[in-house]
Amino acid sequence: MGKPKVGSRAWERALAADPHYVREVLKSLTDRAAGGDAGAARDMAELLDRHPHLRATVPALMALIERAEAAWVAVAAGRDEVARQAVAAEVAAMKAELLPPDAGVLDRVLAGALVVAHLAHANAALTAASPADHPTVQLTREKRLSSAQQRLFAALRNHRMIKGTKARGLRPPLKLFDAARTAAS
Amino acid sequence: MAWEVRKRGASAGYYYLCTRVPGKPHPVKRYYGRGDAAHLTAADVERRRRTDRAAREVVRAEAARTAEADGLAAELSEWAGVLAAAWMVCSGYKRHRGSWRRTTRG
């Protein structure tokens, strides 16, 4: 079956099932709402009522976390099965520490992003520390390390920020998070 | 940078090297002739080209090794940022010059 024609109803349905599209819609609404647009904030709160099919994004998100973790475990361990088991055990321990008992999709995504950012940073730091024969190689490794540090910092900041709001008892009315909890469990 | 053959003169040509000189807006072509200096410079340039090519190969191989994992990490990081921001907005926060500020009491 070919791709639906752009602008058709089938195309719209296909878009709504695309996690990238959902992320961009949510990002656009969040950016507008964060800037003070009351309409966007209202639209966000009613997002799942208006578009129940967005719930399908949650399993895709969980799969993304699993794939990203598995990919970084494979990069870190290479072909060494013992090393792979050790890294996987480290990942499991980190997640057990990061995830609260009643973890929802946001907790899982933030913890997953933090674990993945940690593995990517460790890999970049290890590569940057190994000797390089050429300045270009060293420079590229340092750029990669710098980018991994920025991603790790962002993941830590997000995790800490949400943990802080939750500690103050805040529970936003966005149903995506509730729907996600049921889907994730 | 090459051996350039002239209508008159040696068939092997004469070696010229183009370099950027600070303060000049265009590359400067320097003449090395066809003697020892020309052969030494040509060999040095060739050696540098080989090491640059090998370095690019190392960089490409390292990038290819983590390309898939990097792509997934970037996607997950993007999702984490979007969902965290959505949570903050729904909790009554607004972004002010990069930092989140509480605007309502929930």
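The values are calculated or read from the model by the stated rules, or taken from the named source; none is laboratory data. Just so we're clear, the structure is a prediction, and the values are computed from it rather than from any experiment. Because the Cβ atoms are built from the backbone with ideal geometry, glycine has one as well, and the counts that use them run over all protein chains shown.
Before moving on, here are some points about what is shown:
- Residue within segment B:75-91 that is in contact with a strand residue (DSSP E or B) (Cβ under 6 Å, 6 or more places away or on another chain) and at the interface with another protein chain (Cβ under 8 Å from one of its Cβ atoms) present: yes
- Residue within segment B:86-105 that is assigned to a helix (DSSP H, G or I), surrounded by fewer than 16 Cβ atoms within 10 Å (Cβ to Cβ) and not charged (D, E, K, R) present: no
- Residues in segment B:40-59 include at least one that is closer than 30 Å to A:H20 by Cβ, surrounded by 12 or more Cβ atoms within 10 Å (Cβ to Cβ) and either touching a Ser or Thr at 6+ places or on another chain (Cβ under 9 Å) or more than 7 Å from every other protein chain (Cβ to nearest Cβ) (or both).
- Cβ separations smaller than 9 Å between residues 6+ apart or across chains give the following pairs from segment B:8-19 residues that are outside any strand (DSSP E or B) to residues that are modelled with pLDDT under 95 and among the acidic types (D, E): B:G13/B:E4.
- Meets criteria (outside any helix (DSSP H, G or I), surrounded by fewer than 17 Cβ atoms within 10 Å (Cβ to Cβ), free of Cβ contacts under 8 Å to residues at least 12 places away in the same chain and within 12 Å of chain B (Cβ to nearest Cβ)) for A:G36: yes
- Those residues of segment A:120-134 which are in a helix (DSSP H, G or I) and facing chain B (nearest Cβ under 8 Å), in sequence order: A:A120, A:N123, A:T127
- Selection of segment A:72-109 for residues being charged (D, E, K, R) and either assigned to a helix (DSSP H, G or I) or within 17 Å of the chain's Cα centre (by Cα) (or both) yields A:E81, A:R84, A:E90, A:K95, A:E97, A:D107, A:R108.
- Taking segment A:78-114 as the range and being within 12 Å of another protein chain (Cβ to nearest Cβ), free of Cβ contacts under 8 Å to residues at least 60 places away in the same chain and either out of contact with any Leu (no Cβ under 9 Å at 6 or more places or on another chain) or of a type in the set (D, E) (or both) as the test, the residues that pass are A:G78, A:D107.
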